[in-house]
Every structure is written in C-alpha cells, then in structure tokens.
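One structure below.
The values are calculated or read from the model by the stated rules, or taken from the named source; none is laboratory data. Since this is a predicted model, take the numbers as computed values, not measurements. Heads up, the Cβs are rebuilt from the backbone with ideal geometry, glycines too, and the neighbour counts pull from every protein chain shown.
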2 protein chains.
Amino acid sequence: MENEVLKAIRERRSVRQFLDRDVPDELVREVLTAGSWAPSGLNNQPWRFIVVRDEKTKAAMAEHTHYGHTLRGAPVLICVFMDAEASYDRTKDAMGIGACNQNILLAAHSLGLGTVWLGEILKDKEDVRKILGAPDTYELMAVICLGYPEPRDRGSERKPLEELAFSERYGEGFSGPSR
Amino acid sequence: MENEVLKAIRERRSVRQFLDRDVPDELVREVLTAGSWAPSGLNNQPWRFIVVRDEKTKAAMAEHTHYGHTLRGAPVLICVFMDAEASYDRTKDAMGIGACNQNILLAAHSLGLGTVWLGEILKDKEDVRKILGAPDTYELMAVICLGYPEPRDRGSERKPLEELAFSERYGEGFSGPSR
C-alpha cells in the first residue's frame, strides 16, 4: 500500500545539514499554516510561532544548546511555544503541539525542505524566550530548524510493530497479516 | 501551492459517525506503522498501542466517557499509551506521542478512513488501562476511533496565521506574502 502521505511519513528524516540557500517566506507560511491545522483539545490551538532568520538572534540562541552549529547553519528557525493563556491541560496541549510540529515536518518535507526538531534547548527555555522577547505566558516547546537539505543518505530505525502493538488486551500480539 | 501531503493536512477532519463496515487488519497495521515513524526525543519511541474491536471491551470503555456512543460506533479503537519504562521527559514524550497520533490520523485519511482523537476519556485513564489489562507502566494518552466515515460535510476553523506567528521577535507580525 502506498500513497504520497504514507511515503512522506516514512521517508521524512531529521536534517541537520542545510544548503546555503534561502527559504522564501511563502514556503514558511505554508508550513506554519500546515502546523495550525493540527487538532487540539477543545480546538484551543495552543501553539504560537516565532520565525527567526537574523544571524545575531541565532547566535544568541546557539549559546543555549549543544546543537548550536545546527541552529546557526539553518536559514530559518521556527520557535514553537505553548501559550499558557490558551492552554487548558498541559499533557493534552503538549500532545497537540506535537501534532502541530509533525504537520510542520511533513509539510516541509513535501515541499522539498528539510527539518530537525530540537528539544535539548528546552533546558534553557526561559533564556530563549527572553532573547525572542516573547511574553511570559509563552513556554518554548521546540525549535525546528528549516532549510534546503544537503543531499546525503539519512537512515533511521523503528521498533517492529510486534513490540508496540497488541490486540484487545495487552499481551495478545496484534494479529494483522504481515505486509 | 498544493500537494497530497498539504491537502491531507488541511482536509482531515474529526469523524464521529462511521459506516457499518469493517476495517481490514492490514489497514490498521498501515496506520500504526505510520504512527511508529513519528520522531521522538533520543528516538525513544514511547508509544504503545492496544487495538480494540471487541464489542464488550468497547462497552466497558464507553462507561468512562461522555462520548461512549462515538466509541461504540467505531469498528476499531486504537488506544495509545505512553510506556513509563521508555519515557525520559514527560513533556517531550507527550509531544512525541502527539506527533505519532497525527501520523495515525493523516495515514488513515490518506487511506479513505476517518478518525477522531478522544481526550476526555483520560479522566478515567486508570480504569481504561485496567479494562485492557495493560501493565501499570502504561499511561493512556488518547483513544483514536477508526472506521469508514459516514459521508457528510465536516467543517472546521483555525485562527489566521497573523494571530499565531511572529517574525524574529514577538510583536513583529510575520511578514510573508499572503497566499
């Protein structure tokens, strides 16, 4: 079974090396709009985005992560926040933002762009929030690096479904036919 | 700008009315596999799935949500758990599971199936865990109803990007050209 959506889901990879080529604002709008179409509890849409292109801003942010070189090498950073004023349940809103991020990754991939979703920088999320001048109701949830991918093979591995999925009750292996 | 991925992201809707038509296990496998291709911090893959088709199990679960009729009317329920033994950071793992769920919704949509992601049932997550016989390291994060959608128009609304996205610093409107 195959279609463009399943293919994008399976073939998307984290991209950490970008070409020195700008990403038009129109494409950034397209991926953010895709993010905004994620589902959220009560349709509360708790995600907010700050788009960073400025080298000085990137350099200041890069001080707060071990992956500063990746961050500085990306033409665009999408900083994803949860707005506490829009939030109603931290766990559910975090899942909603995860769904939003996945839409961003898939939309970018479908447009020939590459992304990497950075989480380690959250250890200094308050510093990054201040660098960006975001209100104190905004909590940094992710930084997504965006750009045209440097061509290379990027592998990845997943556990087999047999280790993840069960039928009816835990312990009964999921019994679908193998592909 | 348009492609099958962007179209699926924008056209997917929550489906609460399903046809009385079974979903082959092969398609269930396909959507779970798509879920498993989500990104996760340290690639820890904290998601686990229990697939429910049994009417008695659905009826027992339906006692724990106001949306019991939706749950009973779906041929397949995908119960998504976070395994505490695989987890390393609750917020990041919740986002990873949100990304996994979004892959499931999009994959199902691309295969002509409908879904709704239920969260309200989490208020009784321990009861549902016990009904399904899942280990106590498993925490229920979502129940996704899956089936062939009853045809009808399903609208949805999102905030305009101007309310969600900012350039460089909070307060500066994101300046991309309008579509």
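Tabulated values for the structure
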| quantity | calculated |
| --- | --- |
| Qualifying residue in segment A:53-60 (condition: buried (at least 24 other Cβ atoms within 10 Å of the Cβ) and modelled with pLDDT of 95 or more) | no |
| Residue list for segment B:88-115, restricted to those being under 14 Å from A:Pro39 (Cβ atoms), of a type outside the set (A, V, I, L, M) and more than 7 Å from chain A (Cβ to nearest Cβ) | B:Cys100, B:His109, B:Gly114, B:Thr115 |
| Boolean, A:Asp89 is of a type in the set (D, E, K, R) and within 20 Å of B:Leu105 (Cβ to Cβ) | yes |
| Wholly enclosed helices (runs of 4 or more DSSP H) of segment A:1-99 bearing at least 2 residues within 27 Å of B:Ser156 (Cβ to Cβ) | A:4-11, A:25-36 |
| Any hit, segment A:139-155, residues being within 8 Å of another protein chain (Cβ to nearest Cβ) and outside any loop (DSSP other than H, G, I, E, B) | yes |
| Conditions (1) under 30 Å from A:Met1 (Cβ atoms); (2) in contact with a helix residue (DSSP H, G or I) (Cβ under 6 Å, 6 or more places away or on another chain); (3) in contact (Cβ under 8 Å) with a residue 24 or more places away in the chain: number failed by B:Glu150 | (2) |
| Number of positions in segment A:41-99 that are of a type in the set (S, T, N, Q), in contact (Cβ under 8 Å) with a residue 12 or more places away in the chain and within 26 Å of B:Val80 (Cα to Cα) | 3 |
| Answer residue from segment A:15-40, given it is among the charged types (D, E, K, R) and within 7 Å of another protein chain (Cβ to nearest Cβ) and is surrounded by the most Cβ atoms within 10 Å (Cβ to Cβ) among those | A:Glu30 |
| Residue check, B:Gly119 small (Gly, Ala, Ser) and either surrounded by fewer than 20 Cβ atoms within 10 Å (Cβ to Cβ) or touching a Lys or Arg at 6+ places or on another chain (Cβ under 6 Å) (or both) | yes |
| Which listed residue, of B:Val80, B:Val51, B:Val76, is at the interface with chain A (Cβ under 8 Å from one of its Cβ atoms) and closer than 21 Å to A:Phe174 by Cβ | B:Val51 |
| Any chance A:Ser156 is crowded, with 23+ Cβ neighbours inside 10 Å and touching a residue at least 40 places away in the same chain (Cβ under 8 Å) | no |
| Subset tally (residues that are facing another protein chain (nearest Cβ under 9 Å) and either in contact (Cβ under 8 Å) with a residue 60 or more places away in the chain or touching a helix residue (DSSP H, G or I) at 6+ places or on another chain (Cβ under 7 Å) (or both)) for segment A:117-130 | 2 |
